[in-house]
């Protein structure tokens, strides 16, 4: 097979994922169809099926790409030549998540549906990328001035990763949710992803 063929296939695949990302910025997951993604990317349903079998597989590819980007930021924090205080680490980790709003939105709202409706081979490839990001997070903890034991590192990771699932809803409540909270007499506190993550990281490190 000529070298350019895989490159063209990868470029077309990325174009489909780009179209999905664009739609997701303005529509809810349930409002986006397989055909709508194809139309947005300029693909027929038949040609789209060459790369993905469901819309969930396209979203899985988008999520995989987001984890790859987050891993790149984590690798910078994990540079072995650095030593970080707890506050420095918390700031850099929280800022890395502040740049990954798409990732947080996907895992908080649609992860279960995305994974359940994707083929096993696609899910395995995604999990490899996810594992690489988790490994990078563990490597970041090695740069802390106050060294952590293996069990402390494991405890941090397994508390922080589930915490990430709640970041998007707290930082970006919908207008309907905000109105309902006000009507219920609940106090609505404005917060950002970075601020929420920063405070949580410091608490987990204590």
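Ranked from largest, the principal axis spans of the Cα set of the range 1-114 equal 53, 39, 21 Å.
Gyration tensor over the Cα atoms of the range 1-52: the corresponding equivalent ellipsoid has semi-axes (square roots of 5 times the eigenvalues, largest first) of 23, 11, 7 Å. In percent, rounded to a whole number, the relative contact order of the range 135-206 is 31, using alpha-carbon pairs under 8 Å and six or more apart. For the chain, the longest principal axis of the C-alpha atoms and the axis of helix 120-141 are separated by about 20°. Using a cutoff of 8 angstrom between alpha carbon atoms and counting only pairs six or more residues apart, the relative contact order for the chain works out to 25 percent. Translational diffusion coefficient of the range 43-163 (Stokes-Einstein, Kirkwood radius from Cα pairs, 37 °C, 0.692 mPa s): 209 µm²/s. Sorting the segments 67-80, 90-103 by their mean number of nearby beta carbons within 10 angstrom, highest to lowest, gives 90-103, 67-80. Could you work out how far helix 4-24 tilts from the main Cα principal axis of the chain, as a 0 to 90 degree angle to the nearest 10? Rounded to the nearest ten degrees, it is 70. Sorted ascending by nearby beta carbons within 10 Å, beginning with the fewest, 191, 140 become 191, 140.
For the range 1-52, what does the relative contact order come out to in percent, with C-alpha contacts under 8 Å and a separation of six or more?
34 percent.
With respect to the chain, whose longest principal axis is taken over its alpha-carbon atoms, helix 150-164 is tilted by about 60°.
Each value in this text was obtained by applying a stated rule to the coordinates, not by laboratory testing. Bear in mind that the values here come from a model prediction, so they are computed numbers and not experimental data. Ideal geometry is used to build each Cβ from the backbone, glycine not excepted, and the neighbour counts take in all protein chains shown.
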